[in-house]
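Visitor: The structure's right below; bear with me while I get my questions together.
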Amino acid sequence: MGASGRITLLIHEWVTGGGLANRELPASLAREGAAMRRALCREFAAADDSVRVVVTLDERLRDDPGPWITSRTRGSAPDAWLALAREADYTLAIAPETGGVLASLARALEAEGIRSLGCSSGGIELAGDKARMAHWLEERGFASPASEVVMPAGGLPREARFPAVLKPLDGAGSLDTYRLEGPDDLPPGARSMPLALLQDYHPGVPMSATFLVGGGRAELVATGLQDVVVDRGRLVYRGGSVPVPAPAAAPSLRRLVETVPGLRGLVGVDFLLEAGRKEAVIVELNPRPTTSIVGLCRLLPPGRLARAWLAACGVPGFEPMPAGTLAAALPGGIRADFDGSGRVDLVEVPGSVEHG
């Protein structure tokens, strides 16, 4: 903490914060990254007068003014964010798991002894490796799709069950994720992956859960629906809705998040609810905030989530809230529908919708 008693927090969203300064910005990742960056900057800036927010921004992007300090990153200095992190009291780094990017950011912070509001590199590496995570889930008795690692270029195993889902071994969202009707149903994009994960297709309702993790406790903030469609064989994520309660899924989801080592801060779980099944079918664990943050920040009182997050990570001056405080702060009868670009519509819900 600075001499003035103020806390400087650096928010580095890798995609829009300069991580791709020398490369093309993928449109879908840039939209989702920008939406999360704006939501988190507003939220932490509203936490307390003692919190000073600094945010990185790729020099090619439009200015994004607000009650925070923007630091432009240039292609000639891709590691400028780390210099800013050394000067900050705490850092929140957000990135896709693709190519080990998020884990590498966490390792850089750990090597420098910089205090992070995110997961450890070990937790990210486990959750970000979809094949390793699938095996981990199976070993511990969690309901999850049967999985095997395949080489798409060499063809898919004829004995596999179809329809099936083919996805990268790492990655974020539904990027390069395909629904396949048979072993010969391989689009060019799928065939080009050197290795991939082939999973049984489950016809359940796609949902997500957001947890705040810290101090040995995982607090469920909300569950919600995911808007996922199949477009020419590819699974496309278009946004979602929160909150949509799924009480039957909550126990297994909480057990998962409290069992995985190294989780800290806001994390997400993608899961399916199937008719007749009492527990969630776990698809993926996201060791970072997900796009649903844009909806939650619109629903919760400004700064409420940020204060709870800072407390969960042991930041002095912020006291832990009683369990259930965040979920209870969500307004009754209101749902946030959001898309990948961060647009949020608040919708009145006459009655609660529960699955399971």
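The values are calculated or read from the model by the stated rules, or taken from the named source; none is laboratory data. As the structure is a prediction and not an experimental result, all values here were calculated from the model. Cβ: placed from backbone, ideal geometry, glycine included. Neighbour counts: every protein chain shown.
Visitor: Starting from residues that are touching an Asp or Glu at 6+ places or on another chain (Cβ under 7 Å) and touching a residue at least 24 places away in the same chain (Cβ under 8 Å), keep the ones in region 314-343 and report whichever is farthest from S208 (Cα to Cα). Explain how you work it out, then say what you get.
Guide: Within region 314-343, the subset touching an Asp or Glu at 6+ places or on another chain (Cβ under 7 Å) is 323, 326, 333-334, 337, 340.
From what is left, the residues that are touching a residue at least 24 places away in the same chain (Cβ under 8 Å) are 323, 326, 334, 337, 340.
Details: A323: 20, L326: 17, I334: 18, D337: 13, G340: 14 Å.
It comes out as A323.
Visitor: Go through region 138-148 and count every residue that is touching a strand residue (DSSP E or B) at 6+ places or on another chain (Cβ under 6 Å) and not polar (S, T, N, Q).
Guide: Of the residues in region 138-148, the ones touching a strand residue (DSSP E or B) at 6+ places or on another chain (Cβ under 6 Å) are 142-148.
Those left that are additionally not polar (S, T, N, Q): 142-143, 145-146, 148.
Going through region 138-148 one residue at a time, the tally reaches 5.
Visitor: Being over 12 Å from W14 (Cβ atoms) and modelled with pLDDT of 90 or more narrows it down to one residue among D63, D89; which is it?
Guide: Numbers: D63 fails: modelled with pLDDT of 90 or more.
Step by step, each of D63, D89 is checked, and only D89 is over 12 Å from W14 (Cβ atoms) and modelled with pLDDT of 90 or more.
Visitor: Right, next: Which of the residues that make up region 196-205 are modelled with pLDDT of 90 or more and either farther than 25 Å from G99 by Cα or assigned to a loop (DSSP other than H, G, I, E, B) (or both)? Before you say what the answer is, go through the steps one by one.
Guide: Taking region 196-205 as the starting set, the residues that turn out to be modelled with pLDDT of 90 or more are 196-202, 204-205.
Those that are modelled with pLDDT of 90 or more and either farther than 25 Å from G99 by Cα or assigned to a loop (DSSP other than H, G, I, E, B) (or both): Y201, H202, G204, V205.
Visitor: Let me ask you something else. Among the residues of region 46-79, how many are closer than 22 Å to L266 by Cα and touching a residue at least 60 places away in the same chain (Cβ under 8 Å)?
Guide: Count: 5.
Visitor: While we're looking at this one, here's another question. So which residues in region 7-35 are under 22 Å from A83 (Cα atoms) and either among the polar types (S, T, N, Q) or part of a helix (DSSP H, G or I) (or both), if there are any at all?
Guide: First, pick out the residues of region 7-35 that are under 22 Å from A83 (Cα atoms): 7-23, 33-34.
Answer for region 7-35, where residues must be under 22 Å from A83 (Cα atoms) and either among the polar types (S, T, N, Q) or part of a helix (DSSP H, G or I) (or both): T8, V15, T16, G17, G18, G19, N22, G33, A34.
Visitor: Okay, moving on. Restricting to helices (runs of 4 or more DSSP H) lying wholly in region 65-175: which have 3 or more residues that are assigned by TED's automatic domain parsing to the domain that holds D49? Quick ask: steps written out before the conclusion?
Guide: Numbers: elements: 80-87, 101-112, 121-128, 130-139.
So the answer is 80-87, 101-112.
Visitor: Within the bounds of region 128-140, is there any residue that is farther than 17 Å from E284 by Cα and touching a Lys or Arg at 6+ places or on another chain (Cβ under 9 Å)? Full working, then the answer.
Guide: Within region 128-140, the first condition is being farther than 17 Å from E284 by Cα, and the residues that meet it are none.
No, the conditions are met nowhere in region 128-140.
Visitor: Given the structure, is A222 closer than 24 Å to T98 by Cα and buried (at least 17 other Cβ atoms within 10 Å of the Cβ)?
Guide: Here the answer is no, as A222 does not meet what is asked.
Visitor: Quick one: which residue in S292, S241 is in contact with a helix residue (DSSP H, G or I) (Cβ under 8 Å, 6 or more places away or on another chain), under 26 Å from D345 (Cβ atoms) and in contact (Cβ under 8 Å) with a residue 12 or more places away in the chain? Please lay out each step first, then the result.
Guide: On the way: S292 fails: in contact with a helix residue (DSSP H, G or I) (Cβ under 8 Å, 6 or more places away or on another chain).
Unique residue meeting the criteria: S241.
Visitor: Given the conditions (1) modelled with pLDDT of 95 or more; (2) farther than 15 Å from C297 by Cβ; (3) assigned to a helix (DSSP H, G or I), report the number of the one that R52 does not fulfil.
Guide: Among (1) modelled with pLDDT of 95 or more; (2) farther than 15 Å from C297 by Cβ; (3) assigned to a helix (DSSP H, G or I), the lone unmet condition for R52 is (3).
Every residue, every condition in (1) out of contact with any helix residue (DSSP H, G or I) (no Cβ under 8 Å at 6 or more places or on another chain); (2) surrounded by 20 or more Cβ atoms within 10 Å (Cβ to Cβ); (3) among the acidic types (D, E); (4) at pLDDT 90 or above, yes or no:
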site: E24; (1), (2), (3), (4): yes, no, yes, no
site: S28; (1), (2), (3), (4): yes, no, no, no
site: S71; (1), (2), (3), (4): no, no, no, yes
site: A80; (1), (2), (3), (4): no, no, no, no
site: A85; (1), (2), (3), (4): no, yes, no, yes
